[in-house]
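Chemist: Got a structure for you, written out below as structure tokens; questions coming shortly.
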Amino acid sequence: MATRVLKIGLLETGEPPGPLKATYGGYGSMFETLLGDGHAYRAYDVQRGELPAHPAENDAYVITGSSAGVYDPLPWIEPLKAFLRSARGETPLVGVCFGHQIMAEAFGGKVEKSPKGWGVGLQAYAVAERAVWMDDAAEVAVPGSHQDQVVDLPPTARVLAGSAFTPYGILAYDDAPAISMQFHPEFAPDYAKALIEARRGTRYTDPQADAAIASLDSPNDRARMADWIRRFLAQASS
């Protein structure tokens, strides 16, 4: 049976800093590369106030990462939360990093800047519960870059995977076709390294940056995460 072609709305809540966007593309295009050309994509510049008029405008939505915090007093944060609440239960949702956090906040959880500091480089999560769209992997390792974390789970959220540093690493919701994750499967290692270098000395110390860059030379599970997201979308949209 042929896989259904989905219209996927890419809610872009941020973009690569400085010249990195010209070299590596925006976060929406990174997701297009990750998920493949078997679907139709439409990007929305959420930071400029662009959101779908109605959740039914697309078959599913991906909410990207951002340098903003969900608690920042920015004019586009509350409209995005309102849209996510309207889409919940109506349209499949996938959130990554900031997208993971804004979904948790919109659905009744809490996010804060973690006193643990930055999680950067290759981030490994142990699988705690397998959803039907997952395979039998016991652990997944994917590039990450975050200081904010979900600290209180939303009602109906289940933890599928996490670590001591990031306990709520991958979430699924019992009452909606919605999943989210704190790490960045859309980040290719070369982009993740370039991002670390761009933030060296400002967000990361030299030892932190060196260790994070070295970790990205290890094998990762980006392809597996892409498969998981595609299977989730296919099942949630059937």
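The values are calculated or read from the model by the stated rules, or taken from the named source; none is laboratory data. Here the structure is a predicted model, which is why all the values come from computation and not from measurement. Don't worry about glycine lacking a Cβ; one is built from the backbone with ideal geometry, like all the others, and counts go over all protein chains shown. Areas reflect the complete protein model, heavy atoms only, side chains present, ligands, DNA and RNA absent. Shrake-Rupley method; radii C 1.70, N 1.55, O 1.52, S 1.80 Å.
Chemist: So G99 fits all but one of (1) within 11 Å of E12 (Cα to Cα); (2) in contact (Cβ under 8 Å) with a residue 12 or more places away in the chain; (3) open to solvent by 50 Å² or more (accessible area, probe 1.4 Å); what number is the exception?
Modeler: Of (1) within 11 Å of E12 (Cα to Cα); (2) in contact (Cβ under 8 Å) with a residue 12 or more places away in the chain; (3) open to solvent by 50 Å² or more (accessible area, probe 1.4 Å), only one is false for G99: (3).
Chemist: Continuing with the same structure: Please go through segment 42-60 and give me each residue that is assigned to a strand (DSSP E or B) and either surrounded by fewer than 14 Cβ atoms within 10 Å (Cβ to Cβ) or not aliphatic (A, V, I, L, M) (or both), ordered by number.
Modeler: R42, Y44, D45
Chemist: Of the residues A104, A141, A137, which is part of a loop (DSSP other than H, G, I, E, B), modelled with pLDDT of 95 or more and open to solvent by less than 20 Å² (accessible area, probe 1.4 Å)?
Modeler: Just one listed residue meets the conditions, A137.
Chemist: Can you name the residue in segment 15-33 that is among the aliphatic types (A, V, I, L, M) and touching a Phe, Trp or Tyr at 6+ places or on another chain (Cβ under 9 Å) and, of all such residues, is surrounded by the fewest Cβ atoms within 10 Å (Cβ to Cβ)?
Modeler: Residue satisfying both the conditions and the ranking: L20.
Chemist: Quick check, is S180 touching a His at 6+ places or on another chain (Cβ under 7 Å) and open to solvent by less than 10 Å² (accessible area, probe 1.4 Å)?
Modeler: Taking the combined requirement at face value, the residue satisfies it.
Chemist: Now for a different question. Is segment 29-37 home to any residue that is within 17 Å of the chain's Cα centre (by Cα), among the acidic types (D, E) and closer than 18 Å to A192 by Cα?
Modeler: Yes, there is a match, as at least one residue in segment 29-37 is within 17 Å of the chain's Cα centre (by Cα), among the acidic types (D, E) and closer than 18 Å to A192 by Cα.
Chemist: Restricting to segment 213-238, name every residue that is open to solvent by 60 Å² or more (accessible area, probe 1.4 Å), within 18 Å of the chain's Cα centre (by Cα) and either modelled with pLDDT under 95 or aliphatic (A, V, I, L, M) (or both).
Modeler: A223
Chemist: Which of the residues belonging to segment 77-95 are within 15 Å of L51 (Cα to Cα) and surrounded by fewer than 18 Cβ atoms within 10 Å (Cβ to Cβ)?
Modeler: E78, P79, K81, A82, R85, S86
Chemist: While we're looking at this one, here's another question. Those residues that are over 18 Å from the mean Cα position of the chain (by Cα), in a loop (DSSP other than H, G, I, E, B) and modelled with pLDDT of 95 or more, I need them from segment 1-28; list them, please.
Modeler: L6
Residue-wise test of (1) basic (K, R); (2) on the phi < 0 side of the Ramachandran plot; (3) part of a loop (DSSP other than H, G, I, E, B).
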residue	(1), (2), (3)
V62	no, yes, no
A68	no, yes, yes
Y71	no, yes, yes
E78	no, yes, no
R85	yes, yes, no
E90	no, yes, yes
V94	no, yes, no
R158	yes, yes, no
